[in-house]
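The values are calculated or read from the model by the stated rules, or taken from the named source; none is laboratory data. Here the structure is a predicted model, which means the values were calculated and not measured. We place every Cβ from the backbone using ideal geometry, glycine too, and count neighbours over all the protein chains shown.
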Amino acid sequence: EPEVTQTPSHQVTQMGQEVILRCVPISNHLYFYWYRQILGQKVEFLVSFYNNEISEKSEIFDDQFSVERPDGSNFTLKIRSTKLEDSAMYFCASTPEGGGRGTQYFGPGTRLTVL
Amino acid sequence: QQQVKQSPQSLIVQKGGIPIINCAYENTAFDYFPWYQQFPGKGPALLIAIRPDVSEKKEGRFTISFNKSAKQFSLHIMDSQPGDSATYFCAASPQTGANNLFFGTGTRLTVIP
């Protein structure tokens, strides 16, 4: 069964450093998402991406964040200058269609630790 | 208005019991209500979902009850098993846009053998 994959599984970085989290969505899916989950808290929406551009973004997704689909398979989340409070699990998700009709499939997540 | 409120925060039941998890929302533009199951170290996995045109949906041992007028929905797990021990999140999504999910705060369920 196709699945969303994410790399790395765990990323440790120093505060102020740039990190890139990578995701490979399911191949025939059209919408892509990033969510984050701070330890012990709920999953929070960051950004959605469709047709090579951001569709929607939350208040969390400020200028320090960016997303890119550099080729036909990868979907990346970049944090330019990490802060301690960016420490969280980051989940990528994809769905074949939007408008409330598609099931979102989540990857296993990348645990980001900012020291 | 994008908030989804979930309760209880944690729940312990005996094997065979019927845990019930409740959620409430405010945004009337929400029209898709999934439940996700998450095991430690894993991403959320879709369990069951409902749309507001029905009041109940059952898949196996999992049932969603939906009350549109009260803007509430709940998950019932029949004949719960130790393997059901996980964190359960309700979520909601608006009918327009990219189907962004807004999650509840989660319920940690423990089923005692």
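Just one of the numbered conditions (1) closer than 26 Å to A:Ser94 by Cα; (2) within 11 Å of another protein chain (Cβ to nearest Cβ) is not true of B:Gln9: (1). Of the residues making up the range A:22-40, those that are surrounded by 13 or more Cβ atoms within 10 Å (Cβ to Cβ) and within 19 Å of B:Phe103 (Cβ to Cβ) number 9. Where strands (runs of 3 or more DSSP E) sit wholly within the range B:25-113, those with at least 3 residues that are under 25 Å from A:Tyr50 (Cα atoms) and within 12 Å of chain A (Cβ to nearest Cβ) occupy B:30-38, B:45-50, B:86-94. Restricting B:Pro52, B:Pro94, B:Pro19 to residues that are crowded, with 16+ Cβ neighbours inside 10 Å, of a type outside the set (Ser, Thr, Tyr) and touching a Gly at 6+ places or on another chain (Cβ under 9 Å) narrows the list to B:Pro94.
Quick check, is A:Lys57 more than 8 Å from every other protein chain (Cβ to nearest Cβ), surrounded by 15 or more Cβ atoms within 10 Å (Cβ to Cβ), of a type in the set (Lys, Arg) and farther than 24 Å from A:Glu3 by Cβ? It is true that A:Lys57 is more than 8 Å from every other protein chain (Cβ to nearest Cβ), surrounded by 15 or more Cβ atoms within 10 Å (Cβ to Cβ), of a type in the set (Lys, Arg) and farther than 24 Å from A:Glu3 by Cβ.
May I ask you to list the residues in the range B:18-50 that are of a type in the set (Gly, Ala, Ser) and touching a residue at least 40 places away in the same chain (Cβ under 8 Å)? Within the range B:18-50, B:Ala24, B:Ala29 meet the criteria.
Restricting the range B:22-41 to residues that are exposed (fewer than 15 other Cβ atoms within 10 Å of the Cβ) and under 22 Å from A:Gly107 (Cβ atoms) leaves a set whose member that is modelled with the lowest pLDDT is B:Gly41. Meeting the requirement of 3 or more residues that are touching a residue at least 12 places away in the same chain (Cβ under 8 Å), the strands (runs of 3 or more DSSP E) wholly within the range A:1-97 are A:5-7, A:10-13, A:19-24, A:31-37, A:43-50, A:65-68, A:75-79, A:88-95.
Taking A:Lys78 as the residue in question, decide whether it is farther than 24 Å from B:Ala91 by Cα, under 10 Å from the mean Cα position of the chain (by Cα), more than 14 Å from chain B (Cβ to nearest Cβ) and surrounded by fewer than 18 Cβ atoms within 10 Å (Cβ to Cβ). Against the criterion (farther than 24 Å from B:Ala91 by Cα, under 10 Å from the mean Cα position of the chain (by Cα), more than 14 Å from chain B (Cβ to nearest Cβ) and surrounded by fewer than 18 Cβ atoms within 10 Å (Cβ to Cβ)), A:Lys78 qualifies.
Taken together, the criteria exclude A:Lys83 from residues that are basic (Lys, Arg) and surrounded by 13 or more Cβ atoms within 10 Å (Cβ to Cβ). Filtering A:Leu30, A:Leu21, A:Leu46 for residues that are touching a Ser or Thr at 6+ places or on another chain (Cβ under 7 Å), within 21 Å of B:Pro94 (Cβ to Cβ) and more than 8 Å from chain B (Cβ to nearest Cβ) leaves a single hit, A:Leu46.
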